[in-house]
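Here is the structure we will look at.
The values are calculated or read from the model by the stated rules, or taken from the named source; none is laboratory data. Predicted, not measured: the structure shown is a model, and the values here were computed from it. In this analysis, Cβ positions are derived from the backbone assuming ideal geometry, glycine residues included, and neighbour counts consider all displayed protein chains. All accessible areas refer to the heavy atoms of the entire protein, side chains included, with ligands and DNA or RNA removed. Shrake-Rupley method; radii C 1.70, N 1.55, O 1.52, S 1.80 Å.
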Amino acid sequence: VNALFGDPPDDREVDSILRATIGEMVEAGADTVSVEIPGLDELTSASGVINYEAKFDLMDYFAATPGAPVSSLKEILDQGLYDEALEGAFLRRERVESRDPEAYLAAMAKRDALAAALLKVLDENDLDALVYPTVRRRPALIGEGQSGSTCQVSAGSGLPALAVPGGFTEDGLPTALELLGRPFDDAHLVAMAYAYEQAVHPRRDPPAAPPLEDGAAPAPIAFEVAPGAGPGEGETFRGHFVFDPVL
């Protein structure tokens, strides 16, 4: 999907990497074609519904969960049970007063229109999936906001999508491509992703993450340190440490 690849200077590094990744898909046997989706920006804007649904979905979830420590988003806010980075989003969602305000109904109508436009392109071009960057820009550092996301295409249409590893930036940061398919075509998407990964082997082991042990994360390692005492001196202190190789 041409419109979902980056053109501004900040997007060009990831754009170049992922276009090379698509080239590897072609070498592995995939057929590709460039497509345009008329009015994509307008269709994806205001198609999100999480701000309208989250408050009430959380309320329903807590009501159905025995022993839940809170019963609503309001209680989460009142008790400060959230990361400060989420405060703005949580306050915005708490202000919604009903389950079906007019803005929510308008967003739902946009979702139908977006899904129809995506399916039309899939059908007219006899495609198995649409391919585009998961994020058009380099991964942000922890604590910074991430720009360049294309998640609204799947989230706003309700169509299934999955991300596959792309290439890496010169300093080792990962990129990814997203595959979007038809309704309930999840198995087909997984099969395509698996075939690509088996042919190209794009993944790298994280440099600081330990290997799994019997399919699980390795257990923390506990140890004790006591400095040696000089002749005739008693022990001064003893230290207990726990090293978690996952953190």
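Points to keep in mind about this one:
- Condition check for Ala140: touching a strand residue (DSSP E or B) at 6+ places or on another chain (Cβ under 7 Å) and either within 16 Å of His188 (Cα to Cα) or of a type in the set (A, V, I, L, M) (or both): no
- So Glu36, is it assigned to a helix (DSSP H, G or I) and either of a type outside the set (A, V, I, L, M, F, W, C) or out of contact with any strand residue (DSSP E or B) (no Cβ under 8 Å at 6 or more places or on another chain) (or both): no
- Selected residue (criterion: surrounded by the most Cβ atoms within 10 Å (Cβ to Cβ)) from residues of the range 1-45 that are within 15 Å of Ala155 (Cβ to Cβ) and polar (S, T, N, Q): Thr44
- Unmet criterion (only one of (1) within 21 Å of the chain's Cα centre (by Cα); (2) loosely packed, with under 10 Cβ neighbours inside 10 Å; (3) farther than 25 Å from Gly48 by Cβ; (4) touching a residue at least 12 places away in the same chain (Cβ under 8 Å)) for Arg204: (2)
- Of the residues making up the range 51-64, those that are open to solvent by 40 Å² or more (accessible area, probe 1.4 Å) and either modelled with pLDDT under 90 or of a type outside the set (D, E, K, R) (or both) are Asn51, Tyr52, Leu58, Met59, Tyr61, Ala63, Ala64.
- Residue match in the range 210-229 (condition: surrounded by 12 or more Cβ atoms within 10 Å (Cβ to Cβ) and closer than 23 Å to Pro160 by Cα): no
- Hey, Leu86 under 30 Å from Met108 (Cα atoms), part of a helix (DSSP H, G or I) and open to solvent by 70 Å² or more (accessible area, probe 1.4 Å) or not: yes
- Those residues of the range 1-52 which are closer than 24 Å to Lys110 by Cα and among the charged types (D, E, K, R), in sequence order: Glu36, Asp41, Glu42
- Residue pairs whose Cβ atoms lie under 9 Å apart, sitting 6 or more positions apart in sequence or on different chains, and linking a residue in the range 156-182 that is over 22 Å from Leu40 (Cβ atoms) and among the hydrophobic types (A, V, I, L, M, F, W, C) to a partner that is part of a loop (DSSP other than H, G, I, E, B) and open to solvent by 30 Å² or more (accessible area, probe 1.4 Å), are Phe168/Arg204; Leu173/Arg138; Leu173/Pro139.
- Boolean, Gln198 is closer than 27 Å to Asp31 by Cβ, without any contact (Cβ under 8 Å) to a residue 24 or more places away in the chain and either surrounded by fewer than 13 Cβ atoms within 10 Å (Cβ to Cβ) or under 15 Å from the mean Cα position of the chain (by Cα) (or both): yes
- Check on Leu119, of a type outside the set (Val, Ile, Thr), in contact (Cβ under 8 Å) with a residue 40 or more places away in the chain and not in a loop (DSSP other than H, G, I, E, B): yes
- Selected residue [surrounded by 13 or more Cβ atoms within 10 Å (Cβ to Cβ) and assigned to a loop (DSSP other than H, G, I, E, B)] from Gly48, Gly80, Gly67: Gly48
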